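Taking it in order: structure first as structure tokens, then the write-up.
The values are calculated or read from the model by the stated rules, or taken from the named source; none is laboratory data. On a predicted model such as this, the values are computed, not experimentally measured, just so you know. Neighbour counts run over all protein chains shown; Cβ positions are idealised from the backbone, glycine included. Surface areas here come from the heavy atoms of the whole protein model, side chains and all, with no ligands, DNA or RNA. Shrake-Rupley method; radii C 1.70, N 1.55, O 1.52, S 1.80 Å.
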Amino acid sequence: MFLDRAKIIIKAGNGGNGATSFLRNAQTANGGPDGGDGGKGGNVIFLASEKINTLYDFRFHKKFFAENGENGAKKLQTGANGKDIIIKVPCGTIIKDSKSDKVIADLYYDGMEFLALKGGQGGHGNAYYKSSIKQAPHYSQTGEITKQHEVILELKTIADVGLVGFPNAGKSTLLSCISNANPKIANYPFTTLYPNLGVCEVKGQTFVVADIPGLIEGASEGQGLGHYFLRHIERVRLILHLVDISQSDGRDFIEDYITINEELSKYSSNLANTPQINVLTKIDLLDQQTLNERIKRFENLIGKNYILISGATYQGIEKLKLKTLELLTKIPKKPPIEIEKFDFDEKDINSILISRDDEGAFVISGGKIDNFIRGIVLSDTRSFAYFQKRLQEMGIIEMLKNKGLKNGDTVKIKDIAFEYFD
Ligand SMILES: Nc1nc2c(ncn2[C@@H]2O[C@H](COP(=O)(O)OP(=O)(O)OP(=O)(O)O)[C@@H](O)[C@H]2O)c(=O)[nH]1
Ligand SMILES: [Mg+2]
């Protein structure tokens, strides 16, 4: 089955905690700090692969979490880094941030990678904090905790050529004539339910052709199936516009031609401006005289830019392939979408915010605090003493006093609460 839109949750790995430990062995009764650092969490990486052409796998698999870093340990053992998670998507997959709907990546080429989320930093072990004035630090740092994010994956197929036309016009038949693809073909409308891709080879060169479900009047506003798939031809360089000149479905072929072009321009000016070859199909079903009359009508009303084909007798197919190749050599590929730099959570490392909660306690928050608090183990008295000293040094006590802090007031930071005394 084909699926071209999916929502998934991604999360980079947490950093591992640093260890607090002291060397103890037969020779050294009171050795120095030897707590190792925590490992870094794994990254979340998207990888474009031409081996996949649908987002179907994301229908059931929704959560993609990279591995957490391991904690540091004694004897200066650094925790292992968490493994990255690599999410394979078809070429042409656009990734959007679900919250803002902003496009954050366009996985365009085969092998293209996008680092969506960086793993959390590991915390430092107590060995890291050893200095000439602090020989035996009793604290270590916890690893950075990462957040989950929801992203939308949207497939905008990348093909060189798109086949468009009314249902039954013979698009899938043409695809099967010119490429290695084996699409379903049948004499009823909407045989094709999702885009098919095929590779066409001409004179030793290849190009990719996308066949999409038939369009009908109102397609750009949601009639039929076609509108849903128009995004799959947004990136093609050339459109083969197929019109059933035999009128086997009883409609006027010139009206069909005009209707489809109107739908394309209603959908986007980009599609309206994509070069076209007009392909008049099913010529084998007409006697020469009727064919001549209809060609004349087409030439009078639309012009001489057309190729006549039959998917049944293969008439005109070679000519069409050559013309397609010739035009493609002159039309540059559409580039990937230009993307502004995007950060899921702008790293805030400087802010200190003070507020009062319902019970009148002073609540300290902000990015600078989050970072600072990772190094504190409050159950450890020495670490707590360090914590108080740093509150002074960072000017936070001063800020609290300016906001009315008095002896005996409660101060909260994250899940820590303590009573303040000078
Ligand atoms: N005689 C004749 N029949 C054709 C030709 N091209 C297609 N057909 C027939 O027309 C019918 C529709 O062809 P498809 O290729 O499935 O048409 P489509 O445009 O892909 O249709 P949808 O997928 O429904 O949009 C099938 O019965 C084909 O065998 C042709 O050149 N000559
Ligand atoms: Mg079809």
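Here the Karplus curve 6.51 cos²θ - 1.76 cosθ + 1.60, taken at θ = phi - 60°, turns the phi angles of the stretch 406-417 into couplings of 10, 4, x, 6, 8, 10, 10, 10, 6, 9, 9, 10 Hz, with x standing for Gly and Pro. Solvent-accessible surface of the chain, taken per residue with a 1.4 Å probe and all protein chains present: 52 Å². Solvent-accessible surface of protein heavy atoms, probed at 1.4 angstrom with all chains present, puts Leu308, Leu76, Leu197, Leu153 in the order Leu76, Leu197, Leu308, Leu153, largest first. Only the Cβ atoms of Lys and Arg (+1) and of Asp and Glu (-1) were treated as charged; on that basis the dipole of the stretch 5-155 about its Cα centre amounts to roughly 440 debye. Taking amide hydrogens as placed 1.01 Å from N in the peptide plane, the amide H of Ala105 sits under 5 Å from those of Ile95, each at least 5 positions away in sequence or on another chain.
Rg/Rh, computed from the Cα trace of the stretch 87-176 with Rh as the Kirkwood radius, has the value 1.36.
Percent antiparallel among DSSP beta bridges with both residues in the chain, to the nearest 5?
Taking every DSSP beta bridge within the chain, about 55 percent pair in antiparallel fashion.
Counting protein heavy atoms only, the chain has 49 percent of its accessible area on carbon and sulfur, 1.4 angstrom probe.
FRET efficiency for Asp287 and Lys184, Cβ-Cβ distance as r, R0 = 25 Å, nearest 0.05?
0.25
Once the Cα atoms of helix 317-328 and of the chain are each reduced to a long axis, what angle between those two axes, in degrees from 0 to 90 to the nearest 10, is obtained? The answer is roughly 40 degrees.
For the stretch 223-290, the set of trypsin sites (Lys or Arg not before Pro) satisfying both a DSSP loop assignment and a count of at most 16 other C-beta atoms within 10 Å is given as Arg251. Based on a Kirkwood Rh over C-alpha pairs, give the Stokes-Einstein translational diffusion coefficient of the chain at 20 °C and viscosity 1.002 mPa s in µm²/s. It diffuses with D of about 81 µm²/s by this estimate. Within 10 Å, at most 11 other Cβ atoms, and a DSSP state outside H, G, I, E, B define an exposed site. Report the longest part of the chain free of exposed GluC sites (Glu not before Pro). The answer is 1-337. Taking the centroid of alpha carbons for each part, the stretch 121-171 and the stretch 34-81 are 9 Å apart. Based on the Cβ-Cβ distance of Lys83 and Asn305, what FRET efficiency does E = 1/(1 + (r/R0)^6) give at R0 = 56 Å, to the nearest 0.05? It comes out at approximately 0.50.
Reducing the stretch 241-259 and the stretch 189-225 to their Cα centroids gives an inter-centroid distance of 17 Å.
When the chymotrypsin sites (Phe, Trp or Tyr not before Pro) in the stretch 243-317 are filtered for DSSP coil states and for at most 16 other beta-carbon atoms within 10 Å of their beta-carbon, the remaining sites are Tyr314.
For the stretch 1-112, relative contact order (Cα pairs under 8 Å, six or more residues apart, normalised by length) works out to 31 percent.
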